[in-house]
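Structure, as structure tokens:
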Amino acid sequence: MVESNLAATLVRAVNALGRRPDMGLHDDAPATARWDGDVRVATSHANGTTIQSDMPRELGGAGERITPGWLFRAGLAACATTSIAMAAAAQGIALTLLEIRVGSRSDTRGLLGMRDDDGQQVYAGPQDLALDVRIAAPGVDADRLRKLVDDGCRCSPVPNAVQHALPMPIRVDVVTETEATP
């Protein structure tokens, strides 16, 4: 889809949702992860797309697939990039470059359930998380591009989920051995 088509599509969506706000609330496609032994996991989308993940050799994996933590950073980067591109199209800004790198720093001890010297559980999530954005659009000044990035990230679901974390209930369905056998 070229930018002019994207802009027109977004205008139609905004108009339709302005008339029928109730149409905006929907269930998102679930991600279903299935354990494939050791620390290998196959995560599937309802459309049939499957992503294989694993852990590094030091944590019991083969080290040949991407890690779940990388998938998190990839989702964050992809979502922010998409939202910024949509904001650019809506504002008539013709981007020539949009690249987002999401980096983080984590403590593997948290993943392993270890405790710190003071006896506290080590946090398993990223301790530092940053989006580094490279953006260019001919004839558009730097301040406007910075605002575009801010506007895009403000409307981006995954960055919002990270910045404004919701409580996440964990529901467990314990299956009997006979039910688990294929």
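In the set (1) outside any strand (DSSP E or B); (2) surrounded by 12 or more Cβ atoms within 10 Å (Cβ to Cβ), the condition left unmet by Gly37 is number (2). Kindly indicate whether any position in region 42-54 is open to solvent by less than 70 Å² (accessible area, probe 1.4 Å) and either touching a residue at least 40 places away in the same chain (Cβ under 8 Å) or assigned to a helix (DSSP H, G or I) (or both). No, that holds for no residue.
Within region 74-89, which residues are over 11 Å from Ser156 (Cβ atoms) and crowded, with 20+ Cβ neighbours inside 10 Å? Hits for region 74-89 are Ala88, Ala89. Do we find that Thr67 is hydroxyl-bearing (Ser, Thr, Tyr) and either in contact (Cβ under 8 Å) with a residue 40 or more places away in the chain or open to solvent by 70 Å² or more (accessible area, probe 1.4 Å) (or both) in this structure? No: the conditions fail for Thr67.
Whenever a residue of region 90-109 is closer than 20 Å to Gln163 by Cβ and in a loop (DSSP other than H, G, I, E, B), its partners that are of a type outside the set (Gly, Ala, Ser) and open to solvent by 70 Å² or more (accessible area, probe 1.4 Å), lying with C-beta atoms within less than 9 angstrom and at least six residues away or across chains, give the pairs Ser106/Tyr123; Ser106/Gln127; Ser106/Asp128. For Pro159, the conditions (1) within 21 Å of the chain's Cα centre (by Cα); (2) without any contact (Cβ under 8 Å) to a residue 60 or more places away in the chain; (3) under 30 Å from Thr9 (Cβ atoms) are fulfilled apart from (2). Could we say that Arg146 is assigned to a loop (DSSP other than H, G, I, E, B), basic (Lys, Arg), free of Cβ contacts under 8 Å to residues at least 24 places away in the same chain and open to solvent by 100 Å² or more (accessible area, probe 1.4 Å) here? For Arg146, the condition - assigned to a loop (DSSP other than H, G, I, E, B), basic (Lys, Arg), free of Cβ contacts under 8 Å to residues at least 24 places away in the same chain and open to solvent by 100 Å² or more (accessible area, probe 1.4 Å) - is not met.
Filtering region 17-32 to residues that are open to solvent by 70 Å² or more (accessible area, probe 1.4 Å) and aliphatic (A, V, I, L, M) leaves Leu17, Met23, Leu25, Ala31.
The values are calculated or read from the model by the stated rules, or taken from the named source; none is laboratory data. Source: prediction; values computed, not measured. Neighbour counts run over all protein chains shown; Cβ positions are idealised from the backbone, glycine included. Keep in mind that these areas ignore ligands, DNA and RNA; they rest on the heavy atoms of the full protein, side chains included. Shrake-Rupley method; radii C 1.70, N 1.55, O 1.52, S 1.80 Å.
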